[in-house]
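Below is one structure, written out as structure tokens; the observations come after it.
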Amino acid sequence: MSEKKPKNIIWQMLELISYKKTSRPKTFILPEMDEQQSKQRQESNKRQESEQQQIPENRQQSKGRNQADEQAKDTSQIPGGQEQKHTQAMVVERAGQRRRIPKKPLAASEVKSARVEKDQVKTDVNSNLQVLRQAFHVPENKDLIIRDIILPNKKRGFLAFLDGMVNKIIINEYILRPLLEQEATSQSGNTKGIALEDIVLTNDTQSLKNINEVISEILKGNTAVYVDGLDYILICETIGFEKRGVETPKTEIVVKGPQEAFSENLRTNITLLRRIIRNRDLVTEFFEIGEKSSTVCAIVYLQGLVNPLVVREVKRRLENIKIDFVVSAGMLEELIEDNPYSLFPTILNTERPDRTAASIMEGRVAIILDGTPIVLIVPVTLNALMHSSEDAALKWHNTTALRMVRFCAFAIAILLPGFYLALTTYHHEMIPTELLIAIAKAKENVPFPTIIEVLLMELGFELIREAGIRIPGIVGNTLGIIGALILGEAAVSANIVSPVLIIIVALTGLSNFALPNYSLAFGVRILRFCFIFAGAVLGFFGLALAAVLLTLMLVNLKSFGVPFMSIVAPRTKRGKDIVLRWPLWMQEKRPDFLNPLDSQRQPEIARQWTQQDPE
Amino acid sequence: MAPKKLSFLKGAIVLVCACCLSLTGCYDAKEIDQEVFTLVIGVDKGTGNMIRVTFQVSTYKEDGGNGGGSQNGGSAADTGELDGTVISTVEAPSLIESINMLNSASNRQISLSQTKMIIFSEEYAREGVGRYIEPLTRFREVGELMRVLVCRGRAEDYILENRSFIGGSLPKDIELSFLQSANTGYYPDVFLNEFYVRLLSPYAQAIAIYTAINDFDSLPEDGMEKGIIEPHPDLKPGEIPRKGGNKREMLGTVVFSGDKMVGYLNQNETRFYLLATGKYKRGLFTLDDPKSAGDFIVLEVTAHGAPKVTTFLENEIPYIYLEMLLDIDIAAIQNRENYFLNPSAYLELEKYIETYFVRGMEEVIRKTQQEWNSDIFEFGKKIAGNFWTIPQFEEYNWLERYREAKIDVKVKANISRAGYYFHPRPIEPEK
């Protein structure tokens, strides 16, 4: 950069406008696949799977250490989606770029061994106890319970678990009791030969040699068991904390259709999904996000159906989040979305297992964060945000009609106030005379220009909405309705706004509520003000300009490599459940823009009975 | 260059663009209540060289449409208030100047964007309207929805009677009244832009709607002498024998030659004229029954598409063939004879109807050729096709030579339905 002669400002401006120069990082674009390619990929996927099965389980232990290398490999593979072309040299080079160079150069092997020794489980009770106590800040921290035990064979040991996170019955009955009552068996048989994991009776155990992994397991609610002399700590699954049960959905209410919603518990949520998709290909992968909170996050997808590049991209983003803690799906969404400046969401939020399952079956990936009842679904397009949970439960005519209504609502919610403003300040000749005179009559005693009226009313409406959310329970809803009525009525009789405007604002508000996606509705609320400004300043010309800008922004958006405006720009094969919903038996293909490995949803004839003669 | 500096530059450019745009935009912004909307413009001859322009503008008072006269007492002529509108008359050297003058008195800017009609007094129209129409059309805001009317008597008096009788909305009443043209065919529907184009064009002459105030004195009182029933009286606007309701009425077509009014077509001639130009689609016609004098046949006539006009020139004499197909439904036959049971009578009736329409149209064409030499049929558009270039056509001077054209009218009537009764029983004669 520095060698070249500095260019003049105009030249640089041109480069900027013509996209020759972009300050944005490389974006991930999902490459187009034809059927042959998708078959090949499917096969290679299967091969990988079988290879993975042969690899022994202990690979997981070394994962933490090799993470840097794996990340490097992933990042090098993703952008083009052509991993074969990248040479090993490149991988190393990239890895080298990412690694931080320490001030005092150390050989890589030395660093590794030093770390390993420090993290290793010690072979005596006291040192291990001390490590755990230090890690959990005992005795200040009262949550870690350490139960010392002396086994019948006089060996010392301990149980460590977090109070409140565990099921105490399991610990008492299936860990403590077998350990302490082991005498009977030991006297009859040989004690030494029996491994610790054979004594405890919990359904899942793990022998961990790394103390950090032990700590993270304890944090999850598992119990660590150690007996003197061992070089590992046994982790017994004892998770059993208080949690909310499966309840009915709060925000995505349907009349027909299942009435279950996700809850805060990750396991329950995954179970809810598994209950709907009983398929052995349904894969759940776990990640820990938040360096201080270690929140567990799962991605769920259907192996062999979802495009592996999407999964890899999701994993890459999740693995490379460096943040202290994450508590809600919204935070996670902000950390992984493609364009954080976009007003429109590029990740779908849902609290419904059925909707999540349907998305997974289309070839999308669900991201579930522990402790939040909202599941993130990627990749999504604008059309998916216009779908509601009830769409699949209703008859197709009704759904199609409702989707039309939603698209109208979308347009009204963005445009109507701006449109009204443009009409009344610039384009009087376009209003029918009767209406024009009616508007003028209504405005006669109002001292403000229309723009002030619009802004006042919009602000009032937003205030009512915001207050309605804050005020608890039934009062909130009532306040919303009463507030809107009283405020509108009073504003009109006080000659602050004209009655036509109340209709405009109310219609806009209603349309905004009609949008099925909460985040989308929020984006639209903000956009509306942009259009109000454009209409006030430049009339229809301004609206047209703003619409062009909005379109440019939308077509530029991507959701995990999939263009946000797919099926319109770029044009892809039209599905039967994207904009309109056709009958279920016509929906033979999965959405083309997701590039699933298996695009066929069902055979050409789904209702096979129509081909048969009635008996 | 550092990206920070670039982004600053970008921001500055966007800001400058936004400022420029918003300055140009906001300069034109006008609130609805800053303007008053003229509904009707009337043009009369003033003293000397001046013109008297009457504006009817709508007011924004809540109880505007009170149905009768002004609110402040006194007649509309005194106060100028009428049914939620205000009528003001200005004398000025030109139409545009009159708007300016009125602006200084009306407190709000006068807008012509919603004007429904412009009315010229007959006296004025006969002297020529061109030089006053021309500046009006240069106003961008003057809508294409403005109709052109010529009224008998003074336009000012006409506007003073321009009120809504059916509903509270005068603009709606005015607009819908023009749509009646399609139902009755008694008057054409003429827009300002069409009128103006015809004023300028070398292939057609302008027309306007003929209108007047009916003083309700044409309705014969009881005991007046009884005459024979005349199915097609020759009426001027303002002469319809009626009483009550709206005083203003539209009837007939004003024929212009150049920008001067030269004559008018009465309501029946207007129907033939509209049929010949393809603007009249469907309506009722009352014919004398050829078989029994004093009885009538009522027909519902539907034009089967626009008439076909073919032209050619021979020795610079234009020949024009106008062919049209009419679908006829019989609505009523007063002597209750069933023509459908008698094929020869049926064919006779068709012939009779054809002759009726051919004669009617030929008479209208003769009038326009012989009396006024004014091509209001737009035959010139077809004649122009016989010339290679526009200058050639202009040199030919069609509007002057319209008189020479040999025009042949051919009508094919096709009686398709006998009405709702196929076999009506004759009414028993008095015994």
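Points to keep in mind about this one:
- Comparison of B:Ser98, B:Ser104, B:Ser121, B:Ser113 shows that the only residue that is within 14 Å of chain A (Cβ to nearest Cβ) and not aromatic (Phe, Trp, Tyr) is B:Ser113.
- Pairs, first facing chain A (nearest Cβ under 10 Å) and closer than 26 Å to B:Glu141 by Cα in region B:15-30, second part of a helix (DSSP H, G or I) and of a type in the set (Asp, Glu), C-beta under 8 Å, six or more apart: none
For every residue, the table says whether it meets (1) surrounded by 17 or more Cβ atoms within 10 Å (Cβ to Cβ); (2) at pLDDT 90 or above; (3) out of contact with any Asp or Glu (no Cβ under 6 Å at 6 or more places or on another chain).
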| site | (1), (2), (3) |
| --- | --- |
| B:Ser113 | yes, no, no |
| B:Ser121 | yes, yes, no |
| B:Gly130 | no, no, no |
| B:Arg140 | no, no, yes |
| B:Glu144 | no, no, yes |
| B:Cys151 | yes, yes, yes |
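- Residue list for region B:67-93, restricted to those being part of a loop (DSSP other than H, G, I, E, B) and either more than 14 Å from chain A (Cβ to nearest Cβ) or modelled with pLDDT of 85 or more (or both): B:Gly67, B:Gly68, B:Gly69, B:Ser70, B:Gln71, B:Asn72, B:Gly73, B:Gly74, B:Ser75, B:Gly80, B:Pro93
- Among (1) within 14 Å of another protein chain (Cβ to nearest Cβ); (2) farther than 24 Å from A:Tyr518 by Cβ; (3) in contact (Cβ under 8 Å) with a residue 24 or more places away in the chain, the one test that A:Lys441 misses: (3)
- Among the residues of region B:131-156, the ones that are among the acidic types (Asp, Glu), closer than 27 Å to B:Lys61 by Cβ and within 13 Å of chain A (Cβ to nearest Cβ) come to 1 in all.
- Some residue of region B:38-57 being modelled with pLDDT of 90 or more and at the interface with chain A (Cβ under 8 Å from one of its Cβ atoms): yes
The rows are residues; the columns are (1) of a type in the set (Gly, Ala, Ser); (2) touching a Pro at 6+ places or on another chain (Cβ under 9 Å); (3) over 30 Å from B:Ile207 (Cα atoms).
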position	(1), (2), (3)
B:Thr277	no, yes, no
B:Leu287	no, yes, no
B:Ser292	yes, no, yes
B:Glu300	no, no, no
B:Ala306	yes, no, no
B:Phe312	no, yes, no
B:Arg336	no, yes, yes
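- Of all residues in region A:368-380, those that are over 22 Å from A:Gly221 (Cβ atoms) have Cβ atoms under 6 Å from Cβ atoms of residues that are surrounded by 24 or more Cβ atoms within 10 Å (Cβ to Cβ) and among the charged types (D, E, K, R), 6 or more apart or on another chain, in A:Ile377/A:Arg364.
- Residue within region B:376-392 that is modelled with pLDDT of 90 or more, exposed (fewer than 15 other Cβ atoms within 10 Å of the Cβ) and charged (D, E, K, R) present: no
- All of (1) away from chain B (no Cβ under 14 Å); (2) more than 30 Å from the chain's Cα centre (by Cα); (3) of a type in the set (A, V, I, L, M, F, W, C) hold for A:Ile412 with one exception: (2).
- Residues within region B:13-57 that are of a type in the set (D, E, K, R) and assigned to a helix (DSSP H, G or I), tallied: 2
- Filtering region A:579-591 for residues that are of a type in the set (A, V, I, L, M), over 29 Å from the mean Cα position of the chain (by Cα) and either surrounded by 15 or more Cβ atoms within 10 Å (Cβ to Cβ) or farther than 24 Å from A:Val311 by Cα (or both) leaves a non-empty set.
- Residues that are surrounded by 19 or more Cβ atoms within 10 Å (Cβ to Cβ) and either within 12 Å of another protein chain (Cβ to nearest Cβ) or of a type in the set (A, V, I, L, M, F, W, C) (or both), drawn from region A:522-542: A:Val524, A:Leu527, A:Phe531, A:Ile532, A:Ala534, A:Gly535, A:Ala536, A:Val537, A:Leu538, A:Gly539, A:Gly542
- Beta carbons closer than 9 Å, at least 6 apart along the sequence or on distinct chains, pair a first residue in region B:157-186 that is within 14 Å of chain A (Cβ to nearest Cβ) with a second that is in a helix (DSSP H, G or I) and surrounded by fewer than 15 Cβ atoms within 10 Å (Cβ to Cβ) for B:Ile166/B:Leu176.
Matching residues to (1) under 13 Å from the mean Cα position of the chain (by Cα); (2) crowded, with 17+ Cβ neighbours inside 10 Å; (3) of a type in the set (S, T, N, Q):
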position	(1), (2), (3)
A:Ala298	yes, yes, no
A:Val306	no, yes, no
A:Glu334	yes, no, no
A:Leu348	yes, yes, no
A:Glu351	yes, yes, no
A:Ala358	no, yes, no
A:Met361	no, yes, no
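- Cβ-Cβ under 8 Å pairs, at least 6 apart or on other chains, region B:235-248 side modelled with pLDDT of 85 or more and among the aliphatic types (A, V, I, L, M), far side part of a loop (DSSP other than H, G, I, E, B) and surrounded by fewer than 16 Cβ atoms within 10 Å (Cβ to Cβ): B:Ile240/B:Ser218
- Those helices (runs of 4 or more DSSP H) lying entirely in region A:455-567 with at least 1 residues out of contact with any helix residue (DSSP H, G or I) (no Cβ under 7 Å at 6 or more places or on another chain) and closer than 19 Å to A:Cys408 by Cβ: A:499-514, A:518-556
Yes/no per residue for (1) among the β-branched types (Val, Ile, Thr); (2) assigned by TED's automatic domain parsing to the domain that holds B:Phe357:
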| position | (1), (2) |
| --- | --- |
| B:Asp259 | no, no |
| B:Phe272 | no, no |
| B:Leu284 | no, yes |
| B:Val301 | yes, yes |
| B:Ala306 | no, yes |
| B:Glu337 | no, yes |
| B:Pro343 | no, yes |
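- Condition check for B:Glu323: buried (at least 16 other Cβ atoms within 10 Å of the Cβ) and either assigned to a loop (DSSP other than H, G, I, E, B) or charged (D, E, K, R) (or both): no
- In region A:247-264, the residues that are aliphatic (A, V, I, L, M) and either within 13 Å of A:Thr350 (Cβ to Cβ) or crowded, with 17+ Cβ neighbours inside 10 Å (or both): A:Ile253, A:Val254, A:Ala261
The values are calculated or read from the model by the stated rules, or taken from the named source; none is laboratory data. Owing to the predicted nature of the structure, the values given are computational and were not obtained by experimental measurement. Cβ atoms come from the backbone with ideal geometry, glycine included; neighbour counts cover every protein chain shown.
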